[in-house]
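Worksheet: one structure, shown below.
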Amino acid sequence: MKLIVAVDKNWGIGKNNGLLFDLKADMKHFVSHTRGKTVLMGYNTLRSLPGGMPLKGRTNIVLYPEGDENDAIEKGYILARSLEELSREVNAHSPEDAYVIGGAMMYHTMLPYCEEAVITKVDADGGATVFLDDLDALDNWQLVASEPPMDDCGYSVTFCTYKNNNVLPF
């Protein structure tokens, strides 16, 4: 399992249930990693997507303890009401092709189970109110790849890959 997210220079990931930046190259990067794969998210992340609908071309699994099975069927996502249900669903699909896509609590909860983190670092302060754990400060996470910085809609961004050297079984 992997996670994918864009962070500002303070490891901020969002505010007001939305993204910090509107980045075209980062969105292409996100799509190239997740299309045809399984994406895991919390309910607030689902609500923040256009029309509150799951992402097309992906298997969407939403962790939502108070979730309504009828809503899941109607919108076309898989509902998991607990981490145990989420684990069953992830393992029923291809765990190696699963990406955690938000929000903050989902990232924090799933971080120990992720073998890799695909991070877009934006060299700016986005005024975030929610943050990802600083992978550079965690002993078990290691930066293993970093592309040269590039301009994306006026921001300097760097695509990075981190590896978790102590992945917990999920």
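The values are calculated or read from the model by the stated rules, or taken from the named source; none is laboratory data. These figures come from a predicted structure and were not determined experimentally. Virtual Cβ from ideal backbone geometry, glycine too; neighbours counted across all protein chains shown.
Pick from Val5, Val39, Val62, Val31: which is without any contact (Cβ under 8 Å) to a residue 40 or more places away in the chain and under 29 Å from Asp123 (Cβ atoms)? Spell out how you get there, then give the answer.
Working: Val5 fails: without any contact (Cβ under 8 Å) to a residue 40 or more places away in the chain; Val39 fails: without any contact (Cβ under 8 Å) to a residue 40 or more places away in the chain; Val62 fails: under 29 Å from Asp123 (Cβ atoms).
After applying the criteria, what remains is Val31.
Taking segment 13-59, which residues are more than 12 Å from the chain's Cα centre (by Cα) and closer than 20 Å to Ser87 by Cβ?
Across segment 13-59, the qualifying residues are Lys37, Tyr43, Pro54, Arg58, Thr59.
Just to check your reading of the model, which residue among Ala72, Ala92 is over 26 Å from Cys160 (Cα atoms), out of contact with any Asp or Glu (no Cβ under 6 Å at 6 or more places or on another chain), at pLDDT 95 or above and exposed (fewer than 15 other Cβ atoms within 10 Å of the Cβ)? I'd like the intermediate steps shown before the answer.
On the way: Ala72 fails: exposed (fewer than 15 other Cβ atoms within 10 Å of the Cβ).
Just one listed residue meets the conditions, Ala92.
Of the conditions (1) surrounded by fewer than 21 Cβ atoms within 10 Å (Cβ to Cβ); (2) free of Cβ contacts under 8 Å to residues at least 24 places away in the same chain, Ala80 satisfies every one except a single condition; which number is it?
Condition not satisfied by Ala80: (1).
Name the single residue that is nearest to Asp22 (Cα to Cα) among those in segment 39-83 being charged (D, E, K, R) and assigned to a helix (DSSP H, G or I). Steps first, answer last, please.
Step one: of segment 39-83, the residues charged (D, E, K, R) are 47, 56, 58, 66, 68-69, 71, 74-75, 81.
Now restrict to residues that are assigned to a helix (DSSP H, G or I): 47, 69, 71, 74-75.
Details: Arg47: 18, Glu69: 32, Asp71: 29, Glu74: 29, Lys75: 25 Å.
Applying the filter and picking the extreme gives Arg47.
Being surrounded by fewer than 15 Cβ atoms within 10 Å (Cβ to Cβ), farther than 21 Å from Met1 by Cβ, in contact with a Phe, Trp or Tyr (Cβ under 6 Å, 6 or more places away or on another chain) and modelled with pLDDT of 95 or more, is that true of even one residue in segment 117-140?
Within segment 117-140, not a single residue is surrounded by fewer than 15 Cβ atoms within 10 Å (Cβ to Cβ), farther than 21 Å from Met1 by Cβ, in contact with a Phe, Trp or Tyr (Cβ under 6 Å, 6 or more places away or on another chain) and modelled with pLDDT of 95 or more.
Which of the residues that make up segment 42-52 are without any contact (Cβ under 8 Å) to a residue 24 or more places away in the chain and either closer than 26 Å to Glu96 by Cβ or hydroxyl-bearing (Ser, Thr, Tyr) (or both)?
Restricting attention to segment 42-52, the residues satisfying the condition of being without any contact (Cβ under 8 Å) to a residue 24 or more places away in the chain are 49-52.
Within segment 42-52, Leu49 is the sole residue that qualifies.
For (1) hydrophobic (A, V, I, L, M, F, W, C); (2) touching a strand residue (DSSP E or B) at 6+ places or on another chain (Cβ under 8 Å); (3) under 22 Å from Val130 (Cα atoms), each residue gets a yes or a no:
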position: Asn10; (1), (2), (3): no, yes, yes
position: Ile13; (1), (2), (3): yes, yes, yes
position: Tyr43; (1), (2), (3): no, yes, yes
position: Tyr64; (1), (2), (3): no, yes, yes
position: Glu74; (1), (2), (3): no, no, no
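Output the residue which, of all residues in segment 30-48 that are of a type in the set (A, V, I, L, M) and farther than 14 Å from Lys2 by Cβ, is surrounded by the fewest Cβ atoms within 10 Å (Cβ to Cβ). Give the steps one after another, and end with the answer.
Of all residues in segment 30-48, those of a type in the set (A, V, I, L, M) come to 31, 39-41, 46.
If we keep only those that are farther than 14 Å from Lys2 by Cβ as well, we get 31, 46.
Values: Val31: 12, Leu46: 25.
Residue satisfying both the conditions and the ranking: Val31.
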